[in-house]
Amino acid sequence: MNYLAHLFLAHATPESMVGNLLADFVKGNAILELPPAVQDGVRMHRGVDRFTDSHPVVKQSRSRLDARWSRVSGILMDVYYDYILARQWDHYSSIPSRQYLDLAHGQLLPVSRTLPDRFGATIRRMVHEDLMMGYVRQENIRRALGSISHRLRNGKFRMEESLPDLLAHDRELTADFHVFFPELVAYARQWKPAVG
């Protein structure tokens with residue numbers, strides 16, 4: 001799952017939301033620079049990723065894509081599932097997406113100011129660019145995939161070029177999502193940080 005889903009799945013505290021959004025940017029011992037409640041959000045994000053990567057429905061979604069994308073199909077599905085969630089938001093939330101994100105942004109910004117600057121700046125950029133609201137538009141999905149390709153310095157895979165393949169399988173991928181996502185929501189609701 002990508003940013004929108006991780007925000008949606010986070011526990012209802014600003015620290016959990018921040019940790020869930022930051023996890024991909026926190027490497028090694030850098031987690032220790034974060035407040036304990038934000039660390040728990042990072043760990044939750046990683047648990048959600050493990051659950052997602054091992055789920056048979058997600059594996060089925062990945063297998064629907066052309067074989068040339070097999071090495072990056074997990075990343076592609078993370079982003080595309082966010083696109084599906086953005087389009088199908090009302091199916092999973094009684095709060096309209098714009099209102100939900102405005103409320104979330106108001107909680108994210110104060111916590112961002114308490115973090116080491118490289119982490120706080122990441123959260124502030126997400127808020128000021130309204131990054132998660134953009135997942136409803138195909139062009140922003142293409143841009144997100146291109147940005148990930150650039151960040152990974154993986155010139156072999158220009159992931160933005162996968163969008164036509166993803167769109168060609170939209171009906172099947174959306175059906176997969178509606179089977180998988182309620183199970184992921186249930187997993188996230190019961191997730192608790194390890195004690196000790």
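All of the numbers you see were taken from the coordinates with simple rules; none came from a lab. Remember, predicted model here, so these are calculated numbers, not experimental data. Ideal geometry is used to build each Cβ from the backbone, glycine not excepted, and the neighbour counts take in all protein chains shown.
Using the Kirkwood radius over Cα pairs, work out the Stokes-Einstein diffusion coefficient for segment 31-92 at 25 °C and 0.890 mPa s, in µm²/s as a whole number. After rounding, the answer is 182 µm²/s. How big is Rg to Rh over the chain, alpha-carbon atoms, Rh as the Kirkwood inverse-mean-distance radius? Across the chain, the Cα-based Rg/Rh ratio is 0.94. Principal-axis analysis of the Cα atoms of the chain puts helix 36-54 at an angle of about 20° to the longest axis.
Between 0 and 90 degrees, the angle of helix 170-190 with respect to the longest Cα principal axis of the chain falls at about 30 degrees. Cβ crowding within 10 Å, taken as a proxy for footprinting-reagent exposure, orders Arg151, Arg142 from fewest neighbours to most as Arg151, Arg142. Of the GluC sites (Glu not before Pro) found in segment 93-196, those that fall in a DSSP loop while having at most 13 other beta-carbon atoms within 10 Å are Glu129. The angle between the Cα long axis of helix 97-112 and the longest principal axis of the Cα atoms of the chain comes to about 40 degrees, rounded to the nearest 10.
Taken along its three principal axes, the alpha carbon spread of segment 98-187 comes to 43, 36, 24 Å, from the longest extent down to the shortest.
Positive contributions from Lys and Arg (+1) and negative ones from Asp and Glu (-1), summed over other residues with Cβ under 12 Å from the Cβ of Arg143, come out at -1. The alpha-carbon atoms of segment 13-128, seen along their principal axes, cover 44, 36, 21 angstrom, with the largest extent given first. Restricting segment 88-136 to trypsin sites (Lys or Arg not before Pro) that sit in a DSSP loop and have at most 12 other Cβ atoms within 10 Å of their own Cβ leaves Arg113. A Cβ-based charge dipole, computed about the Cα centre of the chain with Lys and Arg at +1 and Asp and Glu at -1, lands at about 460 debye. For segment 1-52 versus segment 81-142, the spacing of their alpha-carbon centroids is 14 Å. When only Cα pairs below 8 angstrom with a gap of at least 6 residues are kept, segment 3-190 shows a relative contact order of 28 percent.
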